[in-house]
Number of protein chains: 4
Amino acid sequence: MPKLPLIPRLISETRTGAASWHPTTITHVALAAGLVALLILTVEPVYAQGRMWIELVLWLCLVVFIWEWLVRLYYSRTHHGVMGYLTTAGGVIDTASALAVPIALACGVTTKSAWLFGAIWLLKLAPQLTSLKLLRRVIVVEAGPLASVLAIFLLVLFVASTLVHVLERDEQPDVFGSVPATLWWAVATLTTTGYGDVVPHTPLGRLVAAIVMVCGLFIFGLWTGIIATGFAAENRRQNFIKTWEYVSKVPFFGRLAPGAITDVTQMLRRLDLPPKAIVVRRGAIGDCMYFIASGAVEVELPDKRVRLGEGAFFGELALLGNNIRTANVVTKETSTLLVLDLVDFRLLMARHPELSKVIDAEATRRMQENLRGGPPQ
Amino acid sequence: MPKLPLIPRLISETRTGAASWHPTTITHVALAAGLVALLILTVEPVYAQGRMWIELVLWLCLVVFIWEWLVRLYYSRTHHGVMGYLTTAGGVIDTASALAVPIALACGVTTKSAWLFGAIWLLKLAPQLTSLKLLRRVIVVEAGPLASVLAIFLLVLFVASTLVHVLERDEQPDVFGSVPATLWWAVATLTTTGYGDVVPHTPLGRLVAAIVMVCGLFIFGLWTGIIATGFAAENRRQNFIKTWEYVSKVPFFGRLAPGAITDVTQMLRRLDLPPKAIVVRRGAIGDCMYFIASGAVEVELPDKRVRLGEGAFFGELALLGNNIRTANVVTKETSTLLVLDLVDFRLLMARHPELSKVIDAEATRRMQENLRGGPPQ
Amino acid sequence: MPKLPLIPRLISETRTGAASWHPTTITHVALAAGLVALLILTVEPVYAQGRMWIELVLWLCLVVFIWEWLVRLYYSRTHHGVMGYLTTAGGVIDTASALAVPIALACGVTTKSAWLFGAIWLLKLAPQLTSLKLLRRVIVVEAGPLASVLAIFLLVLFVASTLVHVLERDEQPDVFGSVPATLWWAVATLTTTGYGDVVPHTPLGRLVAAIVMVCGLFIFGLWTGIIATGFAAENRRQNFIKTWEYVSKVPFFGRLAPGAITDVTQMLRRLDLPPKAIVVRRGAIGDCMYFIASGAVEVELPDKRVRLGEGAFFGELALLGNNIRTANVVTKETSTLLVLDLVDFRLLMARHPELSKVIDAEATRRMQENLRGGPPQ
Amino acid sequence: MPKLPLIPRLISETRTGAASWHPTTITHVALAAGLVALLILTVEPVYAQGRMWIELVLWLCLVVFIWEWLVRLYYSRTHHGVMGYLTTAGGVIDTASALAVPIALACGVTTKSAWLFGAIWLLKLAPQLTSLKLLRRVIVVEAGPLASVLAIFLLVLFVASTLVHVLERDEQPDVFGSVPATLWWAVATLTTTGYGDVVPHTPLGRLVAAIVMVCGLFIFGLWTGIIATGFAAENRRQNFIKTWEYVSKVPFFGRLAPGAITDVTQMLRRLDLPPKAIVVRRGAIGDCMYFIASGAVEVELPDKRVRLGEGAFFGELALLGNNIRTANVVTKETSTLLVLDLVDFRLLMARHPELSKVIDAEATRRMQENLRGGPPQ
């Protein structure tokens, strides 16, 4: 059974259990159906007409999530322990998804309001977002500067609110009559949202508002700069770690010196492709070569089709002068390719001249093989 | 016939065909005229007065686009096959441009509404935007992180909508009465657009709104960071590939070691100039030198004019100490120059000392030649 | 007594004085209580009910800040001199915090308005924000470009205001009747806040408004770009300086060549952890190793617990091929760890092959020690 | 007479002429006075009271700008030629500043409206913004991508306007009745300004609006990314060129190899200081050293004061281990210092070990000199 990265916890638990069908699909269907039902639940005319069906869908979704929760609880008993499961973020979300609506109903909340707790179900998607980890790491690594920006944000917010309250309270006592009320105006202004429901009227109040807007741009600029810097660094790091795993599977790279392997790992780009995807189109202009990290491709030559498997590479002629692709290349199964761009190839060559010899030797061997009918392009 | 980069497909198809005039111009004129006609079509008083003329222009435009579509269909039969043309993005846009209005008219849509389908014509510009490819690649390469940010965006959107719906439905049943209605408020707030037509009134609703605004800034910061990172990397790559082509045409670079060529290619900036453009102005302060990748320039010396063609270079004295330009240099035809800045030149010198000798030798030769009346600086 | 980085001035002054309790906590409590009291002071119904309590809290806060100011004044007399204290940013804020409310009350301002000067108290937090220095340096270093962007901002603001005033004054004399009034519209538009309380109605006025909005995006883009660039550079610099201090405490790095030390310092990430924090979890996938710069950790082996102190390192197996963590590692006290990521380790190895030998030797020694019962993982 | 970088044209022209006073100051005073007069000109009550004075100021300003224009015209006749002056950006602005108001008055425009053409005077500041050149270069270098983003912006604008016009014209014929009217809504939405004066009401219209908002964020992200990338590159380049000039004046750098000079030039930060500025404060923690590129500083030792002139350096002990500053250093005149940070110093040391010897030798010589009473710190 292949590894499923999305909800490995449920999979690994049901692997040995009674459930023979695929739980991921069920969860996703229940989430989608539940989301639609929740959206139309609150639209009065639609709800009046289809009340029975909407509630039926919601009850079914709830049953799925409760069942999912119970299965995971049961299996976690034998693996990480029940508390180990319940204290993870996923466990908390699962528990809340299963219990929030029944508890609300039991507490006497009206049916419609109780079902709105189903919005918690959406959080089940959060652990499945693969890049969320990356974003969380950016926040952790850049926590110091981000906290400072947030503190400046709050400082400007409170000081501006007090000032504008003093300047505007006589003019507009309804909306600027207290500092907490003025905070509403300040947050909408500092984030440059600018609803316009509350607007200062006095010249001095407007001067403060103008300064707050410019501060908003400055704070936002800092914010973006910090996140952008952190993201670029973290992305590079994550890419290296993932690509490193694949590089070890390609025998070609084994011949390089350790320094060259590190450099090449930094430059390779991963490409995950479904089956039957066209990687290279005949006649197109090529500017990169491909290494097969996993899966297989088929080269469609005029006279025959050649299959290339894990560890093979193709498209290297594009980097050696002949940049018109000579054959279509199509994936045969879900494949992960490593792409080496022309610019990176040239940089590698300049830094590691021995690489040039290895690629040239391979290309020559390929061409001869090609003449004799081997793997082409 | 020169290569026209904008709509090479139509050109290459009509090259052998009956059309003797220039189709690019026709398409552009039709697009501009059609756009103006579409804009004033909906302005009631103008339309009432000039109805006949406006419709005449629109019909003429439609005829041009249908003709263009038919020509391309006819020629694609002999080249890529009709389906090959119809399944490309350009083919789909061409087909929709040609057929949308006639089909709408045939279906009984009112004249005015039917012509509004002419907005599709504007999409014909999309394949002509040369940098659009670059932007598309950025999206493809950064698809994972961008999808995650979009998912966070949607998650915050739905959860915030449900929360604010619950908090505000009693206060403002008209605008927060259902979750789908609240979504409208949420999307305007999360993107910091802030129309202000729908605004929470309860303190808790405003607290959630404030959190949504700050989330909006955070999501937007991530978004910008990802795109900025991806764009910088992709831009560097595209520049290298395009510059590499030109570098191979300049004999001067042929004398350098492969490592130096790669470095120099990364540092050169391309400059596309029309004829009669002033490249260097006498008396100005120079901080770069120029290599002619294609085209030709004329050096305007006090006593004579010297023509420099493909592969020549000029302005090198600015990098060797004398930074006052001694002559005007003007392009004689559409030219592509490669610009080497002072800072990059110094970096190159530091990394590849042999380059220094080559440039010095050239400069000395130039000056002697100059004394004897050769090409100057 | 350990050094407290937050308000070292007060601490160092009271160290020799009479005060035996902790002044930082008092200040923070007073700030929090004062902030809450200031917020509810202006909410009429709450104030009417709890007036006595609110004013009591505010008076207490004021007493704390006046006391703090007097203590610092007294001690500064013996250290930096009274003027030296009063001319620093902190001294100005302390003085204003202590005197603003009493002076306002003495001048006959109403009680409620006088207390609003307490908003100055919040500024006491500013010197405590450790990253604020970093942000200030970014502004200083990028002052030139930032001033230019601000000048462009003001230029567009005034020219657009004059234009829109001329175009809209007849249509809406109330809001566009003078250039200063129009400035209010212009600043809300240029910062893309867009309140919508003042909106041009004439076609030409709207055209100018549209151009102003696009200029706003451009100015904002520049602004963000400048700050992001400056922040990335400054952050790198600050990190280096702080990390450098810690690197000198780890004996392992003393064996490296100076070039390698500089490289390693740039790559290490600092991690400040409280006691009992789990650094490494058994069974997790490791992608970094840790050096202990200060503090101590405990390795929880199945059969025993091993304590590692300052200068030790752990988790190196993750970088040498075995990426499953074999033991839990927990901090025993407040610790600062230096983290070396897999990607940076590989880069270091490529640039400084001697490092590889040092780490390998250490790992081998560790494993043998481990077999004999020494520090594990 | 020293070079004045701001308006060298006027200066160099009047150098030989009759004007003995300083024209820059006059222009700046006239600009400031004119701006204030223009602002209050349109405020009815103020204008009614002080009409005579406001108009007097405006006439005086106009006389200054006309005089300035005539002086420049007169001198340009002998230098670059009248047309050479009139075709530069500065010449066009000068001409418009001098002639716009008189021509408007001559054409019979009302006095108040005619004076509003004085807003053109503000453009005189544009050529004085030193960083404006940098920003212009960023736009030139990144013209391709920026144009693409602008094209996408316009494409989305027109297609969204047509769509929303069709969806909303029956609901709100007043504001969405024509495509040009809808464009106003579209531009306010796409730039995330969101006035809220015009808002779609139909569900489909709101869906399109939501997509437009997200497109706005995407376009804005791209925009910021492009400008940030371009700005960082251009800034680095400009800094190198300016710093390079100064590095050649410091004899210390002359001893380094060319590669080290290039590296050091990239790392130095310029610092322009007025006279009597405190560069280094005794007792502070130092993390950089200073080279004097121009001007002079005074080191305030306990027993004497030592003057250091052009080419000298100080503060090097901070980079060699002793990071507590031992003396105050104050500028004696307007000075330009080159700052070398600790991190960059370490990087330089690692790359160019010979640099270490030079600095060490200097530091040793300094200390001995210091013991004998020479330049300290």
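Quick notes on this one:
- Test: residue in the range A:335-347 that is of a type in the set (A, V, I, L, M), surrounded by fewer than 19 Cβ atoms within 10 Å (Cβ to Cβ) and in a helix (DSSP H, G or I): yes
- Positions within the range A:193-238 being at the interface with chain B (Cβ under 8 Å from one of its Cβ atoms), farther than 22 Å from D:Gly216 by Cα and touching a Ser or Thr at 6+ places or on another chain (Cβ under 6 Å), in sequence order: A:Ala232
- Pairs with Cβ under 7 Å, 6+ apart, first in the range B:335-346 and over 17 Å from B:Ala296 (Cβ atoms) and touching a residue at least 12 places away in the same chain (Cβ under 8 Å), second of a type in the set (Val, Ile, Thr) and surrounded by fewer than 20 Cβ atoms within 10 Å (Cβ to Cβ): B:Leu342/D:Ile241
- The set of residues from the range A:146-159 being away from chain B (no Cβ under 11 Å), in contact (Cβ under 8 Å) with a residue 24 or more places away in the chain and β-branched (Val, Ile, Thr) comprises A:Ile152, A:Val156.
- Taken across the range C:291-299, residues that are farther than 26 Å from C:Trp244 by Cβ, of a type in the set (A, V, I, L, M, F, W, C), at pLDDT below 85 and surrounded by 15 or more Cβ atoms within 10 Å (Cβ to Cβ) do not occur at all.
- Qualifying residue in the range D:352-375 (condition: under 22 Å from C:Leu134 (Cβ atoms), more than 12 Å from chain C (Cβ to nearest Cβ) and of a type outside the set (Asp, Glu)): no
Okay, residues lined up against (1) at pLDDT 85 or above; (2) aliphatic (A, V, I, L, M); (3) assigned to a loop (DSSP other than H, G, I, E, B):
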site	(1), (2), (3)
A:Ala18	no, yes, yes
A:Gly34	yes, no, no
A:Tyr47	yes, no, no
A:Trp53	yes, no, no
A:Val64	yes, yes, no
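- Restricting attention to the range B:166-178, the residues being facing another protein chain (nearest Cβ under 8 Å) and buried (at least 24 other Cβ atoms within 10 Å of the Cβ) number 0.
- Qualifying residue in the range C:73-81 (condition: touching a helix residue (DSSP H, G or I) at 6+ places or on another chain (Cβ under 7 Å), hydrophobic (A, V, I, L, M, F, W, C) and at pLDDT 80 or above): yes
- Neighbours by Cβ (under 7 Å, 6+ apart or cross-chain): first from the range B:194-214, farther than 16 Å from B:Phe153 by Cα and in contact (Cβ under 8 Å) with a residue 12 or more places away in the chain; second surrounded by fewer than 24 Cβ atoms within 10 Å (Cβ to Cβ) and among the basic types (Lys, Arg): B:Pro200/B:Arg206
- Scoring A:Thr162 on the criteria (1) more than 25 Å from C:Leu222 (Cα to Cα); (2) within 10 Å of chain B (Cβ to nearest Cβ); (3) among the β-branched types (Val, Ile, Thr) leaves a single failure, condition (2).
- For the range C:239-274, a residue qualifies if it is within 14 Å of chain A (Cβ to nearest Cβ) and under 25 Å from A:Leu222 (Cα atoms), and the qualifying residues are C:Asn239, C:Lys242, C:Thr243, C:Gln266, C:Met267, C:Leu268, C:Arg269, C:Arg270, C:Leu271, C:Asp272.
- Pick from the range A:181-192, criterion under 32 Å from the mean Cα position of the chain (by Cα) and at the interface with another protein chain (Cβ under 8 Å from one of its Cβ atoms), ranking: surrounded by the most Cβ atoms within 10 Å (Cβ to Cβ): A:Thr189
- Identity of the residue in the range D:20-32, out of contact with any Lys or Arg (no Cβ under 9 Å at 6 or more places or on another chain) and at pLDDT below 85, that ends up surrounded by the most Cβ atoms within 10 Å (Cβ to Cβ): D:Pro23
- Looking across the range B:99-145 at every residue that is within 13 Å of chain D (Cβ to nearest Cβ) and assigned to a loop (DSSP other than H, G, I, E, B), the one that is surrounded by the fewest Cβ atoms within 10 Å (Cβ to Cβ) is identified as B:Thr110.
- Qualifying residue in the range B:203-211 (condition: within 17 Å of D:Ile211 (Cβ to Cβ), assigned to a helix (DSSP H, G or I), at pLDDT 90 or above and within 37 Å of the chain's Cα centre (by Cα)): no
- Among (1) within 30 Å of C:Arg137 (Cβ to Cβ); (2) buried (at least 20 other Cβ atoms within 10 Å of the Cβ); (3) aliphatic (A, V, I, L, M) - the single one C:Ala260 does not satisfy: (2)
- Some residue of the range A:67-82 being within 14 Å of chain B (Cβ to nearest Cβ), assigned to a helix (DSSP H, G or I) and either of a type in the set (Lys, Arg) or buried (at least 18 other Cβ atoms within 10 Å of the Cβ) (or both): no
- Residue list for the range C:242-268, restricted to those being of a type outside the set (A, V, I, L, M), more than 20 Å from D:Asp341 (Cβ to Cβ) and not in a helix (DSSP H, G or I): C:Lys249, C:Arg255
- Test: D:Met289 is under 11 Å from D:Leu337 (Cβ atoms) and touching a residue at least 12 places away in the same chain (Cβ under 8 Å): yes
- Yes/no for D:Val198 being of a type in the set (A, V, I, L, M), assigned to a loop (DSSP other than H, G, I, E, B) and surrounded by fewer than 24 Cβ atoms within 10 Å (Cβ to Cβ): yes
- Residue count for the range C:248-280, restricted to those that are more than 17 Å from C:Leu347 (Cβ to Cβ) and under 29 Å from the mean Cα position of the chain (by Cα): 14
- Some residue of the range B:176-186 being in contact with an Asp or Glu (Cβ under 6 Å, 6 or more places away or on another chain) and modelled with pLDDT under 85: no
- From the options C:Arg269, C:Arg282, residue that is under 22 Å from A:Trp244 (Cα atoms) and modelled with pLDDT of 80 or more: C:Arg269
The values are calculated or read from the model by the stated rules, or taken from the named source; none is laboratory data. Please read these numbers as outputs of a predicted model, since none were measured by experiment. So basically every Cβ, Gly included, is an ideal-geometry build from the backbone, and we count neighbours across all protein chains shown.
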